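Asker: Pasting a structure below so you can have a look.
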Amino acid sequence: MLNPITPAQAKRNFVSLYSRWHQKDALPSELSGTLASQRLREPLFMPAISPRFKMQREDKIFAIGSCFARGVELALIGQKMDVLSKAAEFDSFPSMNGELALGFTNKYNTFSMYNELRWALDPAAEFPRHSLVDLGNGIFYDPHTNPALQLAGLEETIHRREIMQMVSRRISQCRVVIITLGLVEVWRDKIANVFVNRLIPGMLSNYPDRYELHLTNFVENLSNLERIHGLLSQFGHQDVQIVATVSPVPLQATFSGEDVVIANTYSKSLLRAVSQEWAAAHKNVHYFPSYEIVQNSDRSLTWEEDMRHVKGEVVRHIMGLFLRNYFSGLPVTSSKLYASPNPVPPGVGPGKTIISWSSHATPDAAIYVSGGGIEEALFARGAHGSQEASFIETGATYEFSLYTNRDRDSRVAQISVTRPPVGPVTS
């Protein structure tokens, strides 16, 4: 339960900069506005974030959870941080269908995250080898991983499991742990008496009585996170800081019998509430709103064609916000840069898009553009504004970069603008 708020603190919260949804006579499209009704009109939502700790250059970092954890790893590696969850030992593992081999470490539920850390950190915990699944013809599957690797025999499957636990054990060296929560539909192996991460096609038909589906609840998921906190407190870094977030990627399908949209809403709402409760209970647990950023951004800019995967531009926006708020090596600015429309619609002659930006902490901000045969050149200046780019050629990619000043000392935002070719004419 959250601690009560005193009347004095409640009054301060009520008049804080981002506490109001709407206000009479406010300009709806004001770029520097702080009202929710103003900020929700922006193509890419930017919530107010107040970090209670900062990552330092020397920190070691471990990310566990769904695909957002992989995105965080890549962003932090790009900042030359020491990310121990992305281990060189995994590089030789053969991926399946050209997928990123590291995706096999994805953990989609709190049970599988807790299990992975318990088997890696607690000397009294033993991995249940009888939970490995015999698929026939000498092929086995580890249901505590994500099926992104080529399947192998028992010996190789156990070898991969040992390497994975060795890498997971490195979380004890890490000051910063990032946990991404994914879903609440979880399969339990009744024979091994253990919850698993993922089933693969054929497992239910080969073993019709071995597994049962659990639609897990608030108490179960919070209990798992509390156990994870206990493991990290006992075996982890003495100043461990945990960042929890909820993956915005919806369920691919549901086993619940509900409409998948309703099932996904239940799953994400529950995990969002659990993460809030967890962060309120511990000073070293912090919530990062990646879910809210995606859900409150322009749908046409946010989602790929499948309406499930988040576009790269939005992922970069989220990673940029995360780094600027939590990494002490980057300036904390409230900077926004977007293009509308993007992609630019096909047509005859150069296309047009409106570049809009806002950089409240950098009054000398400057926008530069490159691509389409253009070397990086000054496009616009000022702390905020909008300007038409009327030179977008078909098939070209233009990079617009927002810098803190004309000397381009520090880039605080970037966006790619494209224009697809005209599709074939059919009769």
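Asker: Consider Arg118 carefully, then state whether it is touching a residue at least 40 places away in the same chain (Cβ under 8 Å), assigned by TED's automatic domain parsing to the domain that holds Lys107 and under 24 Å from the mean Cα position of the chain (by Cα).
Answerer: It is true that Arg118 is touching a residue at least 40 places away in the same chain (Cβ under 8 Å), assigned by TED's automatic domain parsing to the domain that holds Lys107 and under 24 Å from the mean Cα position of the chain (by Cα).
Asker: Take the range 9-49 and flag every residue that is without any contact (Cβ under 8 Å) to a residue 40 or more places away in the chain, polar (S, T, N, Q) and loosely packed, with under 15 Cβ neighbours inside 10 Å.
Answerer: Passing the criteria: Gln9, Asn13, Ser16, Ser19, Gln23, Ser29, Ser37.
Asker: May I ask you to verify whether Val332 is surrounded by 17 or more Cβ atoms within 10 Å (Cβ to Cβ) and either among the aliphatic types (A, V, I, L, M) or at pLDDT 95 or above (or both)?
Answerer: It is false that Val332 is surrounded by 17 or more Cβ atoms within 10 Å (Cβ to Cβ) and either among the aliphatic types (A, V, I, L, M) or at pLDDT 95 or above (or both).
Asker: Which residues, counting only those in the range 132-157, are among the small types (Gly, Ala, Ser) and either under 27 Å from the mean Cα position of the chain (by Cα) or exposed (fewer than 15 other Cβ atoms within 10 Å of the Cβ) (or both)?
Answerer: Passing the criteria: Gly136, Gly138, Ala148, Gly153.
Asker: May I ask you to list the residues in the range 235-273 that are free of Cβ contacts under 8 Å to residues at least 12 places away in the same chain and in a helix (DSSP H, G or I)?
Answerer: Val260, Val261, Ile262, Thr265, Ser269
Asker: Please tell me if Glu388 is among the charged types (D, E, K, R), surrounded by 12 or more Cβ atoms within 10 Å (Cβ to Cβ), in contact with a strand residue (DSSP E or B) (Cβ under 9 Å, 6 or more places away or on another chain) and assigned by TED's automatic domain parsing to the domain that holds Asn342.
Answerer: Answer is no for this residue.
Asker: Now a separate question. Name the residues in the range 22-42 that are of a type outside the set (D, E, K, R), modelled with pLDDT under 85 and either farther than 28 Å from Phe327 by Cα or in contact with a Leu (Cβ under 9 Å, 6 or more places away or on another chain) (or both), would you?
Answerer: Ala26, Leu27, Pro28, Ser29, Gly33, Thr34
Asker: For the condition under 26 Å from Gln79 (Cβ atoms), modelled with pLDDT under 90 and among the aromatic types (Phe, Trp, Tyr), what is the one hit in Tyr326, Tyr398?
Answerer: On the way: Tyr398 fails: modelled with pLDDT under 90.
Step by step, each of Tyr326, Tyr398 is checked, and only Tyr326 is under 26 Å from Gln79 (Cβ atoms), modelled with pLDDT under 90 and among the aromatic types (Phe, Trp, Tyr).
Table: residues versus (1) farther than 19 Å from Met166 by Cα; (2) touching a His at 6+ places or on another chain (Cβ under 6 Å); (3) in the same structural domain as Pro201 (by TED's automatic domain parsing); (4) aromatic (Phe, Trp, Tyr).
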| site | (1), (2), (3), (4) |
| --- | --- |
| Ile61 | no, no, yes, no |
| Asp82 | no, no, yes, no |
| Asn106 | no, no, yes, no |
| Met113 | no, no, yes, no |
| Leu132 | no, no, yes, no |
| Asn137 | yes, no, yes, no |
| Phe140 | yes, no, yes, yes |
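Asker: Looking at Ser19, Ser92, which is the one that is closer than 27 Å to Arg299 by Cβ and either modelled with pLDDT under 80 or in a loop (DSSP other than H, G, I, E, B) (or both)?
Answerer: After ruling out the rest, the residue left standing is Ser19.
Asker: Looking only at the range 364-400, count how many residues are more than 16 Å from Val344 (Cβ to Cβ) and in a strand (DSSP E or B).
Answerer: Counting residues in the range 364-400 that are more than 16 Å from Val344 (Cβ to Cβ) and in a strand (DSSP E or B) gives 12.
Asker: Among the residues of the range 401-424, which ones are without any contact (Cβ under 8 Å) to a residue 24 or more places away in the chain and over 16 Å from Gly347 (Cβ atoms)?
Answerer: Correct list: Asp407, Asp409, Arg411.
Asker: Moving on to the next point. Among the candidates Leu271, Leu215, Leu199, which residue alone is touching a Gly at 6+ places or on another chain (Cβ under 8 Å), surrounded by 13 or more Cβ atoms within 10 Å (Cβ to Cβ) and not acidic (Asp, Glu)? Reasoning before the result, please.
Answerer: On the way: Leu215 fails: touching a Gly at 6+ places or on another chain (Cβ under 8 Å); Leu199 fails: touching a Gly at 6+ places or on another chain (Cβ under 8 Å).
One residue alone meets the criteria, Leu271.
Asker: What is the one condition in (1) of a type in the set (Asp, Glu); (2) surrounded by 14 or more Cβ atoms within 10 Å (Cβ to Cβ); (3) touching a Lys or Arg at 6+ places or on another chain (Cβ under 8 Å) that Glu292 does not satisfy?
Answerer: It fails just one condition, (3).
Asker: Still on this structure: Identify the single condition in (1) under 22 Å from Asn224 (Cα atoms); (2) surrounded by 15 or more Cβ atoms within 10 Å (Cβ to Cβ); (3) among the charged types (D, E, K, R) that Arg160 does not satisfy, given that it satisfies every other one.
Answerer: Status for Arg160: all satisfied but (1).
The values are calculated or read from the model by the stated rules, or taken from the named source; none is laboratory data. Keep in mind the model is a prediction, meaning the values are calculated, not measured. Here the Cβ is made from the backbone with ideal geometry for all residues, glycine too, and neighbour counts use every protein chain on show.
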